[in-house]
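Trainee: Following this message is one structure expressed as structure tokens.
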Amino acid sequence: MPFVLSPFEYLEPKTAEEAIRFLSDYNKRAKVLAGGVDLVDRMRRRDIGPEYVVSLRSIPGLDRVEGNETKGLRIGALVTLRSVERCATIRRHYVSLWEAVHQIASMQVKTMGTMVGNLCVATPASDVAVALLALGAELRILDPAGERIVPIENFFVGVHQTILQPSEIVVEVLLPSLPPATAGAFMNLVRTAADISKVSTAVTLTAASNICKDIRIAVGAVAPTVVRAKQAEGTLKEQKLEQKLIEAAAEAAAREVRPITDIRSTAEYRKETTKVLVRRTIEKAWERLNA
Amino acid sequence: MIQEFSVVGKRLPRIGAAERATGAAQYVADMKLPGMLIGRVLLSPHPHAKILKVDKSKAEKLPGVEAVIAMEDVPRKAYTRYPYDMMAPAGVTVMEVKEHHEFYEDERIFNDKVRFVGEPVAAVAAINESIAEMALELIEVEYEILPAVFDPEEAMKAEAPIIHDSVSHNIRAHLPVTFSAGDVNKGFQEADHIVEESFRTYKQKHCQLEPSVCVAHFDLSGRLTIWSPSQTPHVLKKKIAYIFGLPEGMVRWLTPIYIGGAFGGRQSLTNEPICVALAAKAAGKPVKLIYTREEDFVTTESRQPICYTFKLGVKSDGTITAIQVKTFTDAGAYYSHSGATTGMSLQQCLWVYRCDNVAGEANIVYTNTPVSGGMRGYGNPQAMFALEQIIDMAAEKIGMDPLEFRLRNARGTGEPTAVYPPTPIENSALHECIELAAQRIGWSEKRTSRKDGSKRQGVGMASVQHWTGAAPTLVEHSSAFIKLNGGGSANLCVSSCDLGQNILGTLAQIAAEELGLQADDINIVTGDTDVTMFDSGTYGSRSLYGAGNAVLGAARQAKKQLLERASEELNAAPEELEVRNRRVYVRTTPERSMPIADVVTNATFNSVGQCLDITGVYTWSTLNQSANFNATFAEVEVDTETGEVKVIKVVIAHDIGRAINPAIVEGQLEGGAVQGIGYTLTENFVVDMDTGICLSNNFETYRIPTSLDSPEIEVILVERPVPSGPFGAKGVGEAGGVGMAAAIANAIYNAVGVRIKELPITPEKILKALKAK
Amino acid sequence: MKRQSAKFVVNGKPSEIMLASHMTLLEVLRDQMGLTGTKYGCGTGSCGACTVLVEGKPVLSCLTLAVTVQDKNILTIEGLAEGNTLHPIQKAFVDHGAIQCGFCTPGMILSTKALLDENPNPTRQEVKEALAGNLCRCTGYVKIIDAVLAAAKEIAKGRQIT
């Protein structure tokens, strides 16, 4: 394990277009730098050895949170996890996202790390990804041809793999405005407070008169990417909310996931606790709706 | 009678606190010497392989590289990293000492075959880190890969690969029944109930925040200076001289006063031999050998995994009639401390509770994994995890409160200690500790399991006997030297090492109290084996007691000289004089007094030619133990749906004898407790069973508790001074964590009725056990 | 490997450093500027011993490319005391037994400063949350948290007087 990084050329484009140009020119020989928490760590381990590092930090307009809960929220690529945590609108109206960020223990990681950067790392245990998946977020991606919007459930392809091509960058996360009578929650299980999640869940529930109008259930660390438990959702959609049905949905979620055994936990445990966490997260969201 | 002290018993801030708080403190990694080179080490990627060839040529040619070393460049002397083979066990002759340390020697600086993934194979020294790292990549090693074995039970089988020549079944040592007494078969026959169970523990890593590091330098006369954050400078200095064939006087070991934690991991040789070998080749330039955290994880030692099979016989009235223990220890690739910790562990299992019929045996087994060594508690945390659960099980069998069972059966004052050969327990305040801690945690109210939805709460306890130093198993001694200065200060010269526990500041408090000075008046001179006298080392909870007694002896000597001189000036016999507040007083007529400073000046510049430097020197050695005791209680909450355990509160009452500095004692117990919680619940040193690669070699994969994982902790200091201790003090450095795993395991059982017999106690195991119920 | 002159403002003082783009802030502080109070503890950003404040916010200098913090105000542990007068946080750590081996202390104190600058009256839980990125193996955190709460009180008192 080295102490020192391998040399590279550092580039700080002044516009997003310039950044895209660099990335197109250098293709796989370049990597994007936002907060650097993951990039610098992987460079030190020699997992990656880019010849060029393209920093986004001088590109204007990427470090803002814009909009509100009625129009929807736009969170720029350079917005840090700490800024997300401190955003009153997110704390009040996108509670599951706030909870996912708040339980990230290291203040330093939250100060340096960006939310978009976290998504691009695409770890299947990303708490932020789980919450955003349950919130129906979209990503605005810039590429040499222009830009496009991609729903987050189409963004992740595998472990540390997204649909991003080398010459593309995510510039924004778009959070939709949530319909009235919607509430959410996030929960996870960890070894110590600073550890990566063993299992994480997020739920966004829309219900009126105790009939579930819409529900999104996202689960993390139990498949190669964060996933939606679609069958679990199907169990509840358009149905009257009641305890037995929630338990059935949780059981369906547990059947849908494909966890592995690793240093943090076992496949068996993750499957079992997926059921428990999904149930509890739905219950929590429901409780918040009724409050 | 309550004694009033002016310095002892005060919660003084640790010395050197401001330096640590401002970044002024210089640790070894912060050192810069003229011409200093950076050393880096090449580690084996294979768990078991012969080294056929090491081609250093490309590395040597790289500009900026000044030394490349492998097997052929280093002494071939066999040794052990374990320090105490250089010290005699009690009652052993010089001849036997020689055999004693040859028994341990199973390693060399670069072995001709590697025995674990991460074993050093070669090293470089270069003008900077980048070049050193590039040079490592240019070294080409040819290995002949051998079959490897990672599990100790597998390693003991006939068909297992042999790791050390002529060590059959990889059983390096079999500790026989010397720890036994009476007749266990008879004892089991007398029992009304028998409890039997097996327990497993894993390797725990020290995770001290300062990674392994060393600086070494040969000067032009060939004299070697080593800078290392070690716990045992005098003993390791002798070892280095032995390995490198140097006269001991040619080796100078410097220990910084700032060490970033040790927890027993710096008792042994760590990377010093490699650093010295690099310095030997670096033509007079100092070499700083630096390790990454990942390298520190595998190249330095970890706590022995010890597995126990326990059988205990008990009568319905609570009498223990027989205890039988069989254990095996995973020593890893080299023997190091595994014999010693296993021995201590067995002794604890068999002797802390009153029982006439005890039998124990142990196998110490090599595996192709990183070396097991000394870590805080030294076999006792492992032993207590097993023993204190067996005790709870026995109490349950006969329907007795486990607290009562312990009060009834734990050995106390006057009875034999659990350290071999046993000496009488000088004083045990264990009963008081148990009663106080039980009351503070709410034992009687909380023993009936409480519910809150899917959560269950419970309390559990462990009672602990721990050693203050390893006497008489080892003959230990400490020396101290004091000189008084003009102006009324004193220089105290000791060899104890400040690992974070402020031993130097606390020793200064002892000296100041005895000399009638303030703590700030004491200057500490330390950290240089050319200046300090011998000290066995800073380990085994021994320094406050051992070095403290040396300091007290030296201070008394200096005081004697001081009072003899003062008696001339104050016109009173020395026996009529006393010191306090920086003055010498005539006891019965205190208006007759003079400043200590003046006594010293007048002695130094004596007008009639009777000049004297007022000094004291003392060597303190013991063949006795003064065991310390504690009661560790834990309150937990278990989530029955997820198996998660939350430690709500910990209470530890410790029999400290006298708390020379109560804040320091509390800090040791609190820190030890949280290490114990990590050991029990979240830490796990994992070796891949196919490749032998350590999968938990950094803080991301190996999880120690954060601030958010630290529960409410209450420590109670029970002060029943012991005559043999300085101002009555006993040890505490290790005891905070010793009972924690058992207390938590017992609390979990109280909460949810499942007993987890394998550490770490993870939610995965608890959930599985709950489902099986 | 190209080195370029870069301006750093550390502890209020500007310096010119010959910087290569792959150097971390930790290396620059320790090796180039001789500020060894900031420590290497793990290299993976897990222990927090390398914590410094950049524009008052806590970052991991081992994972920060130095080139990205040029022209920013950087505070290391050496910049906190005023001459020989300890900052109230430092004094509280000293007085409350919050320092054992001291290796985590610089990072712990700077994380504390960032907390108290933003939240002058934190609860015990908020203190734990602010320090969760700083590992300590010696103290069990008990006296560290006590020291932070005491420092908060002292600083508040100081504000009342002025």
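Trainee: Between residues in segment A:258-272 that are within 7 Å of another protein chain (Cβ to nearest Cβ) and residues that are of a type in the set (A, V, I, L, M, F, W, C), which pairs lie under 7 Å by C-beta distance while being six or more apart or on different chains?
Mentor: A:ILE263/B:VAL686; A:ILE263/B:LEU695; A:TYR269/B:LEU767; A:GLU272/B:LEU767
Trainee: Still on this model: With crowded, with 21+ Cβ neighbours inside 10 Å, on the phi > 0 side of the Ramachandran plot, in contact (Cβ under 8 Å) with a residue 24 or more places away in the chain and at the interface with another protein chain (Cβ under 7 Å from one of its Cβ atoms) as the only criterion, which of C:GLY37, C:GLY48 stands out?
Mentor: That would be C:GLY48, the only listed residue that is crowded, with 21+ Cβ neighbours inside 10 Å, on the phi > 0 side of the Ramachandran plot, in contact (Cβ under 8 Å) with a residue 24 or more places away in the chain and at the interface with another protein chain (Cβ under 7 Å from one of its Cβ atoms).
Trainee: Can you name the number of the only condition in (1) in contact (Cβ under 8 Å) with a residue 60 or more places away in the chain; (2) among the β-branched types (Val, Ile, Thr); (3) not assigned by TED's automatic domain parsing to the domain that holds B:ALA735 that B:VAL459 fails?
Mentor: Only one criterion is unmet by B:VAL459, namely (3).
Trainee: Looking only at segment B:299-334, which residues are aliphatic (A, V, I, L, M) and buried (at least 24 other Cβ atoms within 10 Å of the Cβ)?
Mentor: B:ILE306, B:LEU312, B:VAL314, B:ALA322, B:ILE323, B:VAL325, B:ALA331, B:ALA333
Trainee: Looking at the structure I just gave you, is B:SER607 free of Cβ contacts under 8 Å to residues at least 40 places away in the same chain and assigned to a helix (DSSP H, G or I)?
Mentor: Judged against the criteria, B:SER607 is not a match.
Trainee: Something else now. Could you go through segment B:240-250 and let me know if any residue there is within 14 Å of another protein chain (Cβ to nearest Cβ) and in contact with a strand residue (DSSP E or B) (Cβ under 9 Å, 6 or more places away or on another chain).
Mentor: No, that holds for no residue.
Trainee: Kindly state which helices (runs of 4 or more DSSP H) lie completely within segment B:396-465 and contain at least 3 residues that are farther than 22 Å from B:SER316 by Cβ and within 30 Å of the chain's Cα centre (by Cα).
Mentor: B:430-441
Trainee: Same structure again: Might you check whether a residue that is out of contact with any Leu (no Cβ under 6 Å at 6 or more places or on another chain), more than 7 Å from every other protein chain (Cβ to nearest Cβ) and crowded, with 23+ Cβ neighbours inside 10 Å occurs anywhere in segment C:64-71?
Mentor: Looking through segment C:64-71, none of the residues is out of contact with any Leu (no Cβ under 6 Å at 6 or more places or on another chain), more than 7 Å from every other protein chain (Cβ to nearest Cβ) and crowded, with 23+ Cβ neighbours inside 10 Å.
Trainee: Same structure, new question: Hey, could you check segment B:560-597 for residues that are free of Cβ contacts under 8 Å to residues at least 24 places away in the same chain, crowded, with 16+ Cβ neighbours inside 10 Å and within 43 Å of the chain's Cα centre (by Cα) and say which is farthest from B:TYR618 (Cα to Cα)?
Mentor: Result: B:TYR585.
A quick yes/no check of all residues on (1) at positive phi; (2) within 14 Å of another protein chain (Cβ to nearest Cβ); (3) not in a strand (DSSP E or B):
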| site | (1), (2), (3) |
| --- | --- |
| B:SER6 | no, no, yes |
| B:GLU19 | no, yes, yes |
| B:ALA29 | no, yes, yes |
| B:ARG40 | no, yes, no |
| B:LYS53 | no, no, no |
| B:LYS58 | no, no, yes |
| B:ALA67 | no, no, no |
| B:PRO75 | no, no, yes |
| B:ARG81 | no, no, yes |
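Trainee: Among (1) within 14 Å of chain C (Cβ to nearest Cβ); (2) surrounded by fewer than 18 Cβ atoms within 10 Å (Cβ to Cβ); (3) in contact (Cβ under 8 Å) with a residue 12 or more places away in the chain, where does A:GLY36 come up short?
Mentor: (2)
Trainee: Quick check on B:MET36: is it away from every other protein chain (no Cβ under 14 Å) and either at pLDDT below 95 or out of contact with any His (no Cβ under 7 Å at 6 or more places or on another chain) (or both)?
Mentor: no
Trainee: Let me ask something else about it. Among residues belonging to segment B:741-770 that are among the basic types (Lys, Arg) and within 14 Å of another protein chain (Cβ to nearest Cβ), point out the one that is nearest to B:ARG703 (Cα to Cα).
Mentor: Within segment B:741-770, the match that is nearest to B:ARG703 (Cα to Cα) is B:LYS765.
Trainee: If you go through segment B:662-676 one residue at a time, do you hit one that is crowded, with 23+ Cβ neighbours inside 10 Å, away from chain C (no Cβ under 14 Å) and out of contact with any Lys or Arg (no Cβ under 9 Å at 6 or more places or on another chain)?
Mentor: No; the residues of segment B:662-676 include none that is crowded, with 23+ Cβ neighbours inside 10 Å, away from chain C (no Cβ under 14 Å) and out of contact with any Lys or Arg (no Cβ under 9 Å at 6 or more places or on another chain).
Trainee: Related question: Going through segment A:220-249 one residue at a time, which ones are closer than 30 Å to A:SER106 by Cα, in contact with an Asp or Glu (Cβ under 8 Å, 6 or more places away or on another chain) and of a type in the set (Val, Ile, Thr)?
Mentor: A:VAL227, the sole residue that qualifies.
Trainee: Could you please find all residues in segment A:1-24 being more than 30 Å from B:CYS694 (Cα to Cα), assigned to a loop (DSSP other than H, G, I, E, B) and within 14 Å of another protein chain (Cβ to nearest Cβ)?
Mentor: Selection gives A:PHE8, A:GLU12, A:PRO13.
Trainee: Out of all the residues in segment C:95-110, which are surrounded by fewer than 24 Cβ atoms within 10 Å (Cβ to Cβ) and either within 7 Å of chain B (Cβ to nearest Cβ) or touching a Gly at 6+ places or on another chain (Cβ under 8 Å) (or both)?
Mentor: Within segment C:95-110, C:ASP95 is the sole residue that qualifies.
Trainee: Moving on. When the residues of segment C:119-151 are filtered to those that are more than 9 Å from chain A (Cβ to nearest Cβ) and of a type in the set (Asp, Glu), which remaining residue is surrounded by the fewest Cβ atoms within 10 Å (Cβ to Cβ)?
Mentor: C:GLU126
Here's the yes/no breakdown for (1) buried (at least 20 other Cβ atoms within 10 Å of the Cβ); (2) in contact with a Cys (Cβ under 9 Å, 6 or more places away or on another chain); (3) not assigned by TED's automatic domain parsing to the domain that holds B:LYS281:
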| position | (1), (2), (3) |
| --- | --- |
| B:PRO152 | yes, yes, yes |
| B:ALA155 | yes, no, yes |
| B:ARG172 | yes, no, yes |
| B:ALA191 | yes, no, yes |
| B:PRO229 | yes, yes, no |
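Trainee: I need the full set of residues from segment A:189-247 which are β-branched (Val, Ile, Thr), over 22 Å from A:THR266 (Cβ atoms) and touching a residue at least 60 places away in the same chain (Cβ under 8 Å), in order please.
Mentor: Correct list: A:VAL203, A:THR204, A:ILE215, A:ILE217.
Trainee: Checking B:GLY264 against (1) more than 14 Å from every other protein chain (Cβ to nearest Cβ); (2) touching a Gly at 6+ places or on another chain (Cβ under 6 Å); (3) part of a loop (DSSP other than H, G, I, E, B), which test does it fail?
Mentor: It fails just one condition, (1).
Trainee: Right, here's the next one. For segment B:646-661, does any single residue satisfy the condition of being of a type in the set (Gly, Ala, Ser), touching a Leu at 6+ places or on another chain (Cβ under 9 Å) and over 30 Å from A:GLU272 (Cβ atoms)?
Mentor: Yes, because at least one residue in segment B:646-661 is of a type in the set (Gly, Ala, Ser), touching a Leu at 6+ places or on another chain (Cβ under 9 Å) and over 30 Å from A:GLU272 (Cβ atoms).
The values are calculated or read from the model by the stated rules, or taken from the named source; none is laboratory data. In this text the structure is predicted, and so the values were computed from the model without any measurement. Glycine gets a Cβ as well: all are built from the backbone with ideal geometry, and neighbour counts include every protein chain shown.
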